[in-house]
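Notes follow the structure.
Please treat every number below as a calculation from the coordinates, not as lab data. Every value quoted in this text rests on a predicted model; they were computed, and no experiment measured them. Cβ coordinates were reconstructed from backbone atoms using ideal geometry, including for glycine residues, and neighbour counts include every protein chain displayed.
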Amino acid sequence: MTTSGVTRTSSFVSRWFSRAVCRVREGLRGIAALLYPPQCVLCGVPVPWGEVLCAACAKSLPQREGPSCRHCGDSLDDARVDLCLRCGTHVRGFDRAASLGPYDGGWKMLMARFKFEREKAVGRWLGGRLAEAAAESFGDIVCVTHVPMTRGEYRSRGGNPSRELARWVARRLGVPERTLLAKTRPTRPQRTLSARERAVNLRDAFRGVRSETGTVLLVDDLLTTGATADECGRALKRGGCNEVCVLTVVRA
């Protein structure tokens, strides 16, 4: 009987403490909002608490228009075809790809605030938009994973933006976020290389560290030629994945 009473008392204290912490947290947020009202990260006008963009800036974010490749999502000049030149002439390592928008305008600025200025609120907002896009573009996803870095790359860059995005996406979708890949060696920055050099640079640079079946969502910040997505997709499929869908913030 004594043990039961202690348990009930402990449970009551725990619930009371949790509610007290929530009230204190809400109070601190209210004070912070009064002293430092949140602003749109693009234009600086006041926005509601928890938002990062004003309605005008959110509406003005550039969107890809016109026909697009059914495989990688790249823009097409001719509406009579459904594959871009690369997807039509190469065997891709992933099955489908989508992005929120082009690497231009507001999207480019948001990426800079997230990747280089490490603004977590922007990362959370981007993760929410990516989750919405995943639910709209892809089927049943068993888990979310990310493009890995070597330890040296992680230390020098101060973190892995792809993993941060993957965590937010998984949380919003209600599915697990798992580390399925490891990077086996350092590679040169992709932005400095041609399309052929990018493919050579990343060849066999990733390996699977955990098996997974079903449809896996691979999250990254930027998709250019798709060389990184190809190599990661091949490694995931060697590990048992039936389908690899790639989702990025922007497409260059």
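Quick look at the numbers
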| item | result |
| --- | --- |
| More than 33 Å apart - percent of Cα-Cα pairs taken over the chain | 29 percent |
| Distant-in-sequence amide H partners of GLN39 (H built 1.01 Å from N, under 5 Å) | VAL47 |
| Distance cut-off 22 Å, percentage of C-alpha pairs in the stretch 69-214 lying past it | 50 percent |
| Residue order, fewest to most surrounding Cβ atoms within 10 angstrom, among GLU197, GLU119 | GLU197, GLU119 |
| Inter-label distance for ARG185 and ARG171, nm, one decimal - labels placed 7 Å from Cα along Cα-to-Cβ | 3.7 nm |
| For the stretch 40-56, Karplus couplings with θ = phi - 60° (6.51, -1.76, 1.60), whole Hz, Gly/Pro x | 4, 6, 9, 10, x, 6, x, 10, x, 4, x, 9, 10, 10, 7, 4, 5 |
| CYS241 long-range amide H proximity, modeled H, under 5 Å | GLU212 |
| Backbone HN-Hα couplings from phi across the stretch 114-123 [Karplus 6.51/-1.76/1.60, Hz, Gly and Pro as x] | 7, 6, 9, 9, 6, 7, 5, 4, 5, x |
| Cut-off under 5 Å, modelled amide H: who pairs with SER68 long-range | LEU76 |
| Residues THR184, THR225, THR145, THR248 arranged by fewest to most Cβ contacts within 10 Å | THR184, THR225, THR145, THR248 |
| Between 0 and 90°, nearest 10: helix 161-173 axis offset from the chain longest Cα axis | 60 degrees |
| Karplus 3J(HN,Hα) series, Hz, for the stretch 238-248 with 6.51 cos²θ - 1.76 cosθ + 1.60 (x for Gly, Pro) | 5, x, x, 5, 7, 8, 10, 9, 10, 10, 10 |
| Where Cα atoms sit under 24 Å apart: lysine pairs in the chain separated by 8 or more or lying on different chains | 6 |
| Per-selection Rg to Rh, the stretch 42-107 - Cα, Kirkwood hydrodynamic radius | 1.15 |
| Crossing angle, helix 2-35 versus the chain [Cα axis fit, 0-90 degrees, rounded to tens] | 70 degrees |
